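Undergrad: Once you've had a glance at the structure underneath, I'll fire off some questions.
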Amino acid sequence: MSDLMVPEPVRHKAISLGVEGLKWLNSLGQLIRQMEKQWQLVVIGECLEGGSEAYVTRAKTADGLEVVLKLGMPEMSGNSDLKSEIQALSLADGHGYARLLKYDIERRALLLERLGAPLRDLPLSTSEQIRIICSTLQQSWTPVPQEVVFQSGANLAMGLADFIERLSQELGSPSSEKALKMVLSFTQSRAAAHQPECAVLVHGDAHNGNLLQSLDDASLEKPLFKFIDPDGIQGEPACDLGVLMRAWPDDLFSGDPAQLGRDRCDYISSLTGVRPRAIWEWGLIQCMSTGLFLMQVGNAHLGSQLLKIADACAEGAGC
């Protein structure tokens with residue numbers, strides 16, 4: 001394990017899982033060799049940066065195809081469900097998502113198509129990034145067959161309500177009481193709005209770091225993009241669009257955050273045809289839940305920014 005470079009966020013997350021996480025960390029080298037033999041791969045280059053719950057590296061198949069090998073941590077409380085990710089990628093079948101080539105549930109290993117640079121690393125304006133994310137999401141929102149079981153949007157909303165209440169209390173109520181009540185009411189309304197017969201595959205964390213350029217389309221004037229690392233949720237499209245309301249917070253502080261937030265919400269709605277109210281409610285849920293989480297893990301600046309957006313929107317007219 002000494003010659004294997006593991007990104008610090010991955011190492012820190014593994015250590016936080018205790019004995020099983022340390023065991024996984026120390027056996028990574030052996031696991032990589034096992035997957036190279038099983039799938040006839042040669043791992044090339046170092047671990048790819050960006051995530052915290054898996055070791056991800058470039059590899060090459062026996063016939064020369066460049067791919068990505070992803071090795072997930074042990075499934076424990078507090079980390080992502082790799083089975084849901086596999087189901088989501090299988091259901092999408094390369095439409096809006098990275099194509100899943102092979103997987104091994106027991107070893108928590110995935111072999112994926114290689115993609116290019118993340119959207120966040122490209123010199124594009126916020127409005128253009130939002131347009132690209134919305135366009136890709138529209139390709140990926142596919143109905144979920146009855147036999148496929150994902151977490152529902154209703155369960156997600158109620159789980160976030162519990163998370164927000166608990167963390168707000170633990171952190172000494174860093175947001176206003178008005179904002180907290182508003183957001184908790186939004187979790188109730190989004191849970192009540194869930195309609196299983198209308199629900200689609202939802203990514204769950206559709207931000208510009210999880211959207212990568214498709215290498216197959218790199219020569220196009222307007223290249224296509226694909227998502228990675230889906231949570232795998234069956235919900236309303238607005239559940240994904242709410243993530244865009246918490247992104248680029250500095251833009252919202254260039255003026256009145258409530259009004260600029262409303263403008264962004266209307267822009268997203270115009271691109272997708274999804275009702276502004278649903279986007280707005282999921283957006284404020286995202287702002288508060290993510291803001292509280294960031295404060296908990298020590299990123300007080302960004303966390304407080306997101307909570308201030310929720311506070312401003314609670315005070316703003318028409319919110």
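Undergrad: Against the definition (touching a Ser or Thr at 6+ places or on another chain (Cβ under 9 Å), under 20 Å from Asn210 (Cβ atoms) and of a type in the set (D, E, K, R)), how does Lys83 come out, yes or no? Outline the logic, then answer.
TA: Working: touching a Ser or Thr at 6+ places or on another chain (Cβ under 9 Å): no; under 20 Å from Asn210 (Cβ atoms): yes; of a type in the set (D, E, K, R): yes.
Against the criterion (touching a Ser or Thr at 6+ places or on another chain (Cβ under 9 Å), under 20 Å from Asn210 (Cβ atoms) and of a type in the set (D, E, K, R)), Lys83 does not qualify.
Undergrad: Still on this structure, I have one more. If we keep just the residues of the range 80-131 that are touching an Asp or Glu at 6+ places or on another chain (Cβ under 6 Å) and closer than 29 Å to Gln40 by Cβ, which is surrounded by the most Cβ atoms within 10 Å (Cβ to Cβ)? Give the steps one after another, and end with the answer.
TA: Just the residues of the range 80-131 that are touching an Asp or Glu at 6+ places or on another chain (Cβ under 6 Å), to begin with: 80, 98-99, 114, 126.
Filter once more, keeping what is closer than 29 Å to Gln40 by Cβ: 80, 98-99, 114.
On the way: Ser80: 20, Ala98: 22, Arg99: 19, Arg114: 18.
Taking the candidates together, the pick is Ala98.
Undergrad: Moving on. Kindly evaluate Lys70 against the criterion of being surrounded by 15 or more Cβ atoms within 10 Å (Cβ to Cβ), part of a strand (DSSP E or B) and free of Cβ contacts under 8 Å to residues at least 24 places away in the same chain. Reasoning before the result, please.
TA: Numbers: surrounded by 15 or more Cβ atoms within 10 Å (Cβ to Cβ): yes; part of a strand (DSSP E or B): yes; free of Cβ contacts under 8 Å to residues at least 24 places away in the same chain: no.
In short, no.
Undergrad: Right, something else. Of the residues in the range 280-299, how many are among the hydrophobic types (A, V, I, L, M, F, W, C), out of contact with any Pro (no Cβ under 9 Å at 6 or more places or on another chain) and assigned to a helix (DSSP H, G or I)? Write out each step before concluding.
TA: From the range 280-299, those among the hydrophobic types (A, V, I, L, M, F, W, C) are 280, 282, 284-285, 287-288, 292-295, 297; that's our starting set.
With out of contact with any Pro (no Cβ under 9 Å at 6 or more places or on another chain) added as a condition, the list becomes 280, 282, 284-285, 288, 293-294, 297.
Okay, now just the ones that are also assigned to a helix (DSSP H, G or I), so 280, 282, 284-285, 288, 293-294.
Number satisfying all stated conditions: 7.
Undergrad: Considering only residues that are assigned to a helix (DSSP H, G or I) and either at pLDDT below 95 or in the same structural domain as Glu85 (by TED's automatic domain parsing) (or both), which ones fall in the range 149-200? Show your work before the answer.
TA: Kept after step one, since they are assigned to a helix (DSSP H, G or I), are these residues of the range 149-200: 153-170, 177-193, 196-198.
Selection gives Pro196, Glu197, Cys198.
The values are calculated or read from the model by the stated rules, or taken from the named source; none is laboratory data. Everything quoted here is computed from the prediction, not taken from an experiment. Backbone-built Cβ (ideal geometry, glycine too); neighbour counts: all protein chains shown.
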